[in-house]
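The values are calculated or read from the model by the stated rules, or taken from the named source; none is laboratory data. Remember, predicted model here, so these are calculated numbers, not experimental data. As a convention, Cβ positions derive from the backbone with ideal geometry for all residues, glycine included, and neighbour counts pool all protein chains shown.
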Amino acid sequence: MLSSLDRTARSGRFVRVRTHVRRWTSVSGVSPDTASSGLVLVVSYDGTDFHGFAENVGVRTVGGVLRSAVQAVLGRPVEITCAGRTDAGVHAAGQVVSVRWDELTGSGSGLAGSGPVDTERLRKSLISMLGPEVVVRSVAVPPEGFDARFSAIGRTYRYVLWNHADPDPFEARTAWWVPEPLDVEAMQAAGDSLVGEHDFTTFCRRPKGEVEVSLIRRVEYVRWIRPDWMSNHPDYEPGADGADQIPSRRLIMEISASAFCHQMVRSIVGLLVEVGRGRRTVDDVANALRSRDRSHLPTLAPPSGLTLWRVHYA
């Protein structure tokens, strides 16, 4: 269980100080003691030009191009499962993907032809095939029974705002431009009201035809982070007087939970930004949560700012 987040207000911004969190092991630390007919990949991608992760006929998806590349290198049909099915335009820094194959199918003419797979050779081959939009950060042999989705005990997302009067073309693909000044303290208080186990029906979109399932989720923490300063601004000159005082224009919301439902993070961000603008109150957020009615929400935050940051395993 996470303790409450300690926060300090300094010059109108929140500074992250020491917190105590449960020890979650990343998949890259899993020891492959028991070999299986499969692999686990940790993947980063810019989702701007993809129609989400899940494969869909007639459109370009992350899962589609990834599976095709893995099959080409291994020389056999494979099935893939991801930890979080990101929507169109959503990114990932640490997406986890299970790759499985049937030993009785496919010729295995590639790296999976005979003997153990050379994981580093596979990783480099996939990088050369997939290009800069999709990068395989690691490849490992998982323990028997490991599943990227069902073995996960938590997920962390980050949402980035570009909070300045002027937009920045270099942030357009990975951040939501919000030009108005924002009350970050109020946004943090509103986020704190969502921590714990709640019915998140208000913040979840049910796809048509989906079987009715529980939307109770446990949010471990919500925190807003504004970096102290930024070095990638055109006005920045190393060593110049006051150069390190250029305030960051990025404002980042990090949220961690046992699981998320469809459009949950973007719905939360959209409402918290309204609190920051002064159009909604902290109490409005708590009331919206209790109402279990999506009509209480403003427009969704756009997908561009959202990144699946990390997946947690026991």
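Annotations for the structure displayed:
- When the range 282-314 is filtered for residues that are in contact (Cβ under 8 Å) with a residue 60 or more places away in the chain and β-branched (V, I, T), the ones remaining, listed by number, are V282, V285, T307, V311.
Per-residue answers, yes or no, for (1) touching a residue at least 24 places away in the same chain (Cβ under 8 Å); (2) not β-branched (V, I, T):
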position: R60; (1), (2): no, yes
position: G64; (1), (2): no, yes
position: S68; (1), (2): no, yes
position: V73; (1), (2): yes, no
position: R76; (1), (2): yes, yes
position: R85; (1), (2): yes, yes
position: G89; (1), (2): yes, yes
position: G94; (1), (2): yes, yes
position: V97; (1), (2): yes, no
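- Residues of the range 245-263 include at least one that is out of contact with any strand residue (DSSP E or B) (no Cβ under 9 Å at 6 or more places or on another chain), in the same structural domain as S304 (by TED's automatic domain parsing), β-branched (V, I, T) and modelled with pLDDT of 60 or more.
- Within the range 256-306, the only residue that satisfies the criterion of being hydroxyl-bearing (S, T, Y), within 20 Å of I153 (Cβ to Cβ) and outside any loop (DSSP other than H, G, I, E, B) is S256.
- Residue in the range 215-225 that is at pLDDT below 95, on the phi < 0 side of the Ramachandran plot and in a loop (DSSP other than H, G, I, E, B) present: yes
- Among the strands (runs of 3 or more DSSP E) confined to the range 1-81, the ones with at least 3 residues that are surrounded by 17 or more Cβ atoms within 10 Å (Cβ to Cβ), of a type outside the set (S, T, Y) and at pLDDT 95 or above are located at 38-45.
- Looking across E185, E180, one residue alone is part of a loop (DSSP other than H, G, I, E, B) and at pLDDT 95 or above. It is E180.
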